[in-house]
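Some notes on the structure that comes next.
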Amino acid sequence: MLGSLAKAAGGALALLLLGGIPSVAGKPDSIETDVHSLRAFTLELPYIDEGFQMRNYDYGGDAVVNTMERIRLTPDLPSRMGSVWSTSTLPNDYWKVDFEFRIGGKGGYLYGDGMGFFVTKERGIPGPVFGNKDYFNGLGVFFDTYPNGKHDFAVPFVMGMLGDGKTPYDGAHDGDANRLGMCEAYFRNLKQTSRASVTYLKGGFLNVQLQLQPKDKWVNCFTITNVTLPENSYLGFTALTGDISDNHDIINVRAETLRPEALKNYDFMPNVPMPPIKQAVAGSYFGTIFKLILVAGVCGGAFVGYKKYAAQSARRF
């Protein structure tokens with residue numbers, strides 16, 4: 001499922017909330033004390049309590065909780081669908097959600113379909129949009145691993161959509177009609193887990209950043225401006241497989257907000273966006289390949305030149 005280019009990500013207001021500290025004007029020394037952890041949205045090992053219940057979240061479909069490792073939304077098997085949804089609603093004015101995930105499987109060339117991050121009015125209703133219902137009302141960020149059509153960008157990729165409860169997801173064209181922001185990001189079958197950070201300011205922006213591997217820098221994926229999500233929305237993670245498949249795992253989730261006083265007293269300032277994920281991830285790889293080819297060419301040329309010189313010298317004597 002899914003693919004296509006972004007309309008937005010238009011600059012300004014890209015909030016670099018690395019390390020959980022927003023970039024603001026005002027009193028920078030006190031901002032850390034204004035950050036409030038949303039413990040009702042924490043999801044971490046072992047996931048269940050002493051009563052073998054999952055606090056603050058429900059899971060359904062084909063999702064399986066492994067108390068030693070992860071929550072597997074779908075196994076690497078066809079026609080599976082799974083989800084995990086918060087039982088509480090996120091704050092209406094500002095929130096930041098960081099989560100660790102892994103997507104991969106045995107498929108070498110064909111695999112899919114992908115995973116969804118949702119903040120919506122509805123919760124726990126399975127459907128065709130990466131395991132969630134269609135015509136959803138709220139935010140969807142999709143980690144798409146299978147192209148349904150031809151595109152001028154690579155798969156996997158990450159895209160954002162704002163649903164109004166009336167508009168369907170354009171699944172036949174990988175969300176072309178819905179896409180408000182996107183970036184290419186090869187997060188599949190990596191050695192270690194990846195991380196994503198989604199930040200929302202009511203009436204301001206929605207920003208998505210990625211850290212594909214633990215030692216990598218965080219990179220800006222996309223920013224959507226002038227965003228207002230439905231109030232009292234739930235947080236959900238879903239995944240879907242069709243004829244082809246992958247494992248889709250959630251490792252942990254953490255969320256935070258700012259105290260109401262902080263939102264009044266601090267002006268969120270625009271920052272220079274970080275390099276696009278396409279340049280930061282793919283660029284370094286192809287740059288390395290190009291350098292290797294160049295070095296090989298130079299060495300090859302030098303060798304041919306030497307052989308010619310040796311042959312001419314032999315004829316002289």
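The values are calculated or read from the model by the stated rules, or taken from the named source; none is laboratory data. Since we're looking at a predicted model, the values are computed, not measured. Glycine also receives a Cβ, built like all others from the backbone with ideal geometry; neighbour counts cover every protein chain displayed. For the accessible areas, the whole protein counts, side chains as well, though only heavy atoms, and no ligand, DNA or RNA atoms are used. Shrake-Rupley method; radii C 1.70, N 1.55, O 1.52, S 1.80 Å.
If a residue has to be in a loop (DSSP other than H, G, I, E, B) and surrounded by fewer than 19 Cβ atoms within 10 Å (Cβ to Cβ) to count, how many in the stretch 156-181 make the cut?
Total satisfying the criteria: 7.
From the list 148, 178, 137, pick out the single residue that is farther than 28 Å from residue 260 by Cα and in contact with a strand residue (DSSP E or B) (Cβ under 8 Å, 6 or more places away or on another chain).
Criteria check complete, one pass: 178.
Go through (1) over 24 Å from residue 247 (Cα atoms); (2) open to solvent by 20 Å² or more (accessible area, probe 1.4 Å); (3) polar (S, T, N, Q) for residue 199 and report which single condition fails.
Condition (2) is where residue 199 drops out.
Tell me the residue from 77, 73 that is out of contact with any strand residue (DSSP E or B) (no Cβ under 7 Å at 6 or more places or on another chain) and either open to solvent by less than 30 Å² (accessible area, probe 1.4 Å) or assigned to a loop (DSSP other than H, G, I, E, B) (or both), please.
Testing whether each residue is out of contact with any strand residue (DSSP E or B) (no Cβ under 7 Å at 6 or more places or on another chain) and either open to solvent by less than 30 Å² (accessible area, probe 1.4 Å) or assigned to a loop (DSSP other than H, G, I, E, B) (or both) leaves just 77.
Have a look at 3, 82, 26, 61 and point out the one that is surrounded by 16 or more Cβ atoms within 10 Å (Cβ to Cβ) and modelled with pLDDT under 50.
Sole residue among the options that is surrounded by 16 or more Cβ atoms within 10 Å (Cβ to Cβ) and modelled with pLDDT under 50: 3.
Would you be able to say whether some residue in the stretch 236-251 is assigned to a strand (DSSP E or B) and of a type in the set (Gly, Ala, Ser)?
Among the residues of the stretch 236-251, at least one is assigned to a strand (DSSP E or B) and of a type in the set (Gly, Ala, Ser), which makes the answer yes.
Given the condition buried (at least 20 other Cβ atoms within 10 Å of the Cβ), part of a strand (DSSP E or B) and modelled with pLDDT of 95 or more, answer yes or no: does some residue in the stretch 30-49 qualify?
Yes, the stretch 30-49 has at least one match.
Go through the stretch 202-256 and give me each residue that's among the acidic types (Asp, Glu) and either out of contact with any Lys or Arg (no Cβ under 7 Å at 6 or more places or on another chain) or within 29 Å of residue 110 (Cα to Cα) (or both).
216, 231, 243, 246, 249, listed by residue number.
Of the residues 188, 195, which single one is out of contact with any helix residue (DSSP H, G or I) (no Cβ under 9 Å at 6 or more places or on another chain), more than 26 Å from residue 148 (Cβ to Cβ) and of a type in the set (Lys, Arg)?
Result: 195 is the single residue among 188, 195 that is out of contact with any helix residue (DSSP H, G or I) (no Cβ under 9 Å at 6 or more places or on another chain), more than 26 Å from residue 148 (Cβ to Cβ) and of a type in the set (Lys, Arg).
Any residue that is without any contact (Cβ under 8 Å) to a residue 40 or more places away in the chain and either of a type outside the set (Lys, Arg) or in contact with a helix residue (DSSP H, G or I) (Cβ under 7 Å, 6 or more places away or on another chain) (or both) - is there at least one of those in the stretch 95-106?
No, the stretch 95-106 has no match at all.
Can you tell me which of 261, 256, 231 is touching a helix residue (DSSP H, G or I) at 6+ places or on another chain (Cβ under 8 Å), at negative phi, open to solvent by 10 Å² or more (accessible area, probe 1.4 Å) and outside any strand (DSSP E or B)?
After applying the criteria, what remains is 261.
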